[in-house]
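No value in this document is a laboratory result; all are computed from the given coordinates. Being a predicted model, the structure only gives us computed values, none of them experimental. Here the Cβ positions follow ideal geometry from the backbone for every residue, glycine too, while neighbour counts run over all protein chains shown.
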Amino acid sequence: MKNGTELVVYDKEEYVQGPLLSTVTETLGTTVMAVWVDAADPGARCDDVVIHDAAAEFAAGPGDLLLAVGVDPATAVGVIDAAARHQVTAVVVRATPELRACLSGPARRAGVALLGLAADVGWARFTGQLRGLLTTTGAEVDAGPAGPPSRELADFANALCESVGGSVMIFNPQQEVLAFSRLAESDDPMRRQAVLDQRGPAWYRARLREHGVYRRLWRSDDVVDIPAVPDRNVRRRIAVAVRSGDEILGSIWVAERGAPLDPDAKVVLRGAAASAAQYLSRLGARSHTRRHATEAIARRVLGGETDDEVVEWLDFDWDQPSAAMSCVFADTGQGDARSLAGLLSVHLPAMDCVAVPVPARGRVDVLLCQLGGRDAAELATAAREVVQRAAAASGAAVLAALGPVVPGAERVPDSLAEADLVLRVLRRSGAAETRVARPEEVRAAADVLALADEVGSRPRFARGPVPDLLAYDREHHTGYAASLAAYLDALGDVIAAARALHVHPNTLRYRLRRMGPICGIDLNDPDERLVAALHLRRADLDQPTSRGTKAESPV
């Protein structure tokens, strides 16, 4: 409370009514969820999400969406019957032909809506989408930026302004202004300019990146203190991230006016962040679900699908140059693919093209389309800036591989395949600093990987000296294959190879003599050495860091 003005935080139950089931299905779209059986009541609403637990008492009831995770045809009909008895609004199952065939009839007879979740959409992500929608009424989902959530957010900013004694601005993760408190004569020029431009000045954002402000903001729940910049007439600010679970929804910034902020401003701001999450969830529900649907479509393009639905959703010129980029944290323990995708999405607009990050398999593949007349070098320059900024914000090194520019979007899978090879080269090299590479920069290493992949895919290469040697090592817990790799890497120099293996040269000579009787390899034959090198590359035994040292020693 300040000057008689109270920071109002509304109870969600007072103003939120669950959206219509039809609104939920239309907003999520057919790429996420298919309607197999409509609700018997067109006015059926969704108030909550409940995950079915076969080992526990049935917990869903009227107004609930029941997520039947992991059910099979043998048990699914029983779930439908229980849902009907408890008046559940809808049951969601994994979209498989078997479940649709066995459940559609029982669901229709029971009057329970039946929905099929797309095979490429994870349950955890889907649950997050639903919970975002269920904080929003059907009318508000379709509201534009000036709709009810936006007005409430502005009221929230004004109330917070009075509580902390400073000007308030609320941003989305891309640092675009969502709401702000009323302007005052004591506001500094930069705050006024941000209101006009709907985002902070570029020089100030760059300064914040250089000083690690965004990194601290996105990686912590703490309030970040940003000192004044007197020479630019910019006053002190404090800021805090707004989250829903692990997802960053935006941030709240408070700027000093003519006087210092209230002593308890940081405490108030930290509490306000928790309250603001409900407003930003409501405001961003539609864009959130659309973003995930766009991801699903982009994933299909990266996989080579270009059907009518894909073309209609991604509305751009398919004949323009396109490319793919793959990114991963250098240290996989630094974060997951979803967090990296979120960081990249903040900066990808700077590439000035259609850019959709798609988290998958522990990495992020980025679809880049409508590149215009830019060549590979120009694209690489833009990509390096984006990746470096994302890495700086995360505080962790990022490895990125940029595939070649291809004539049109239909050829994107070719670009992705090259990017995949380049990323494997970067990861095998043990790179620990942020790096963006193109195929031209690692051509030889990528070519050898491609050849090794070919060796691994051909049945004729399943047997031979190196496969036999690897089998012997597994059975006897020896390291002959690693010794052979070191010998070939050293071009037959026993002294250098022994040094790399940390063994005596005579020990290595003994191992090399023993290989003939074990697997029949002839190290004097250059063809044998070439094929052996490819096999060892395939087995990931060509790097010194991966070689073991245990092997039989001369007796």
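Between residue 47 and residues 5 or more places away or on another chain, which pairs have amide H atoms under 5 Å apart, with H built 1.01 Å from N, and which residues are they?
Residues meeting the criterion, in which the H sits 1.01 Å from N, are 64, 65.
When the Debye formula is applied to the Cα atoms of segment 385-447, each taken as the same point scatterer, what base-10 log of I(q)/I(0) results at q = 0.13, 0.25, 0.26, 0.30 Å⁻¹?
-0.37, -1.01, -1.05, -1.18
Points 7 angstrom from Cα along the Cβ direction at residue 433 and residue 528: gap in nanometres?
According to this spin-label approximation, the distance is 4.3 nm.
According to the Cα gyration tensor, what semi-axes, each the square root of 5 times an eigenvalue, does the equivalent ellipsoid of segment 17-134 have, listed from largest to smallest in whole Å? Working shown, then result.
On the way: eigenvalues 66, 51, 41 Å².
The equivalent ellipsoid of segment 17-134 has semi-axes of 18, 16, 14 Å.
Could you please tell me the mean projected area of the C-alpha convex hull for segment 148-283, averaged over all directions and given in square nanometres to one decimal? Write out the running numbers ahead of the final one.
Working: hull surface 29.7 nm².
With the hull built on Cα positions only, its mean projection is 7.4 nm².
Given labels modelled 7 Å from the Cα in the Cβ direction, how far is it in nm from residue 54 to residue 211?
Taking the simple label geometry, residue 54 and residue 211 are separated by 5.7 nm.
Sort 394, 22, 181 by Cβ crowding within 10 Å, fewest neighbours at the top.
Result, fewest neighbours first: 22, 394, 181.
I need the phi-derived Karplus couplings for segment 366-378: 6.51 cos²θ - 1.76 cosθ + 1.60, θ = phi - 60°, integer Hz, Gly and Pro marked x.
10, 7, 10, 10, 6, 7, x, x, 6, 8, 4, 5, 5
Enumerate the calculated ³J(HN,Hα) couplings along segment 251-268 in order (Karplus 6.51 cos²θ - 1.76 cosθ + 1.60, θ = phi - 60°), each rounded to whole Hz, writing x wherever the residue is Gly or Pro.
7, 10, 10, 10, 10, 5, 9, x, 10, x, 5, 4, x, 9, 4, 5, 5, 5
Long-range amide H contacts for residue 358: which residues qualify at under 5 Å (H placed 1.01 Å from N, peptide plane, sequence gap of 5 or more or a different chain)?
365, 366, 367
Largest first, please: the extent of the C-alpha atoms of segment 415-534 along each principal axis, to the nearest Å.
Rounded to whole Å, the extents work out to 45, 34, 27 Å.
Convex hull volume of the Cα atoms in segment 314-452, per residue, in Å³?
On the way: hull volume 14.0 nm³, N = 139.
Expressed per residue, the convex hull around the Cα atoms of segment 314-452 is 101 Å³.
Could you check the simple spin-label distance between residue 458 and residue 220, using points 7 Å along Cα→Cβ, in nm with one decimal?
Reported label-point gap for residue 458 and residue 220 is 5.7 nm.
Across segment 95-112, in residue order, what do the Karplus-derived ³J(HN,Hα) couplings come to in whole Hz, using 6.51 cos²θ - 1.76 cosθ + 1.60 with θ = phi - 60° and x for Gly and Pro?
6, 10, x, 5, 5, 5, 5, 8, 9, 4, x, x, 5, 5, 5, 7, x, 10
Quick one: which residues, 5 or more positions from residue 69 or on another chain, have an amide H under 5 Å from its amide H? H modelled 1.01 Å from N in the peptide plane, none for Pro or chain starts.
Sorted by chain and number, the residues that satisfy this are 52.
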